[in-house]
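Student: Have a look at this one.
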Amino acid sequence: MSSAPNVIEFPRGRRTVMRSRQDEARRDAAEERLQLARDLHDVVSHGFATISVQAGVALHVLQERPEQVTEALQAIKSASTEALSELRAILGMLRESESGRPSSTAGLGRVDVLVESTTAAGVTTSVRVVGSPRQLPVVVDETAYRIIQESLTNVMRHAAATSASVTVVYDRERLIVEVENDGPLELTVASPPSEGSGNGILGMRERAREIGGELEAAPLPGGGFRVCARLPVLGRP
């Protein structure tokens, strides 16, 4: 005589809770993958843009000004070292060990590194800080850094600019980040930075919105381009 297998049925309320938790876990995982994908894009894009520009400079001056080749190679070494450092941090996040999630290398404390690489690539870049710098919520600090990084990458890749400026304003309730360049008006209008999914202006705007902020990006009247992000700092974890 065969017996029917035991079937364990959970009450409907418990099944609903379990499905809700599974859905929430899937959403969290998807959001984390998207965030890591953006970080990878920003790191690789900035690093390769810098390396490409410097390699072009080295080829251009190889015969007539060999001393500049050394400068270009040093800039390439610096850019590749910085990119590798950030990539290791991101890969560490993907591996998440028992010791905890590794901290990101992205933050306003490293903006000088971005400025140096952009300047070395031929776009003289300056930084201005308004207000008293203070410790920011990690998510705000990282978001501000990535927006500056992507903005400067776009300057190197698209703007044909000779100079750029980064302004960081520490307001009481928000952090304001502005990046401007002096690219030619005709080029700015004809080839604005990409609105493509996952990168360019759209990617920066999504980063700002995810933490309750906003981002504006538009050509300047006399030429050049301006990106301005306003990020809330109160009530952030």
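Student: Quick one: what pairs do we get from the stretch 207-230, first residue within 17 Å of P184 (Cβ to Cβ), second among the β-branched types (V, I, T), C-beta under 7 Å, 6+ apart or different chains?
Tutor: Taking only residues 6 or more apart or on different chains, the pairs are P219/T188; P219/V189; G223/T188; G224/T188; F225/T188.
Student: Of the residues that make up the stretch 213-228, is at least one at pLDDT 90 or above, among the aromatic types (F, W, Y), within 24 Å of R110 (Cβ to Cβ) and not in a helix (DSSP H, G or I)?
Tutor: yes
Student: When the stretch 125-161 is examined, which residues are found to be in contact with a helix residue (DSSP H, G or I) (Cβ under 8 Å, 6 or more places away or on another chain), polar (S, T, N, Q) and surrounded by fewer than 21 Cβ atoms within 10 Å (Cβ to Cβ)?
Tutor: Listed by number, the list holds a single entry, S126.
Student: Under 7 Å by Cβ, and 6 or more places apart or on different chains, what pairs join a residue from the stretch 157-180 that is β-branched (V, I, T) with one that is part of a loop (DSSP other than H, G, I, E, B)?
Tutor: T162/V123; T162/D182; V169/G131
Student: Of (1) at pLDDT 85 or above; (2) within 20 Å of T50 (Cα to Cα); (3) among the hydrophobic types (A, V, I, L, M, F, W, C); (4) not in a helix (DSSP H, G or I), L136 satisfies all except one. Which?
Tutor: With respect to (1) at pLDDT 85 or above; (2) within 20 Å of T50 (Cα to Cα); (3) among the hydrophobic types (A, V, I, L, M, F, W, C); (4) not in a helix (DSSP H, G or I), L136 is out only on (2).
Student: Looking at the stretch 158-175, which of its residues are of a type outside the set (G, A, S) and part of a loop (DSSP other than H, G, I, E, B)? Working first, answer last.
Tutor: From the stretch 158-175, those of a type outside the set (G, A, S) are 158, 162, 166-175; that's our starting set.
The answer is T162, D171, R172, E173.
The values are calculated or read from the model by the stated rules, or taken from the named source; none is laboratory data. Bear in mind the structure is a predicted one, so any value in this text is a computation, not a measurement. Heads up, the Cβs are rebuilt from the backbone with ideal geometry, glycines too, and the neighbour counts pull from every protein chain shown.
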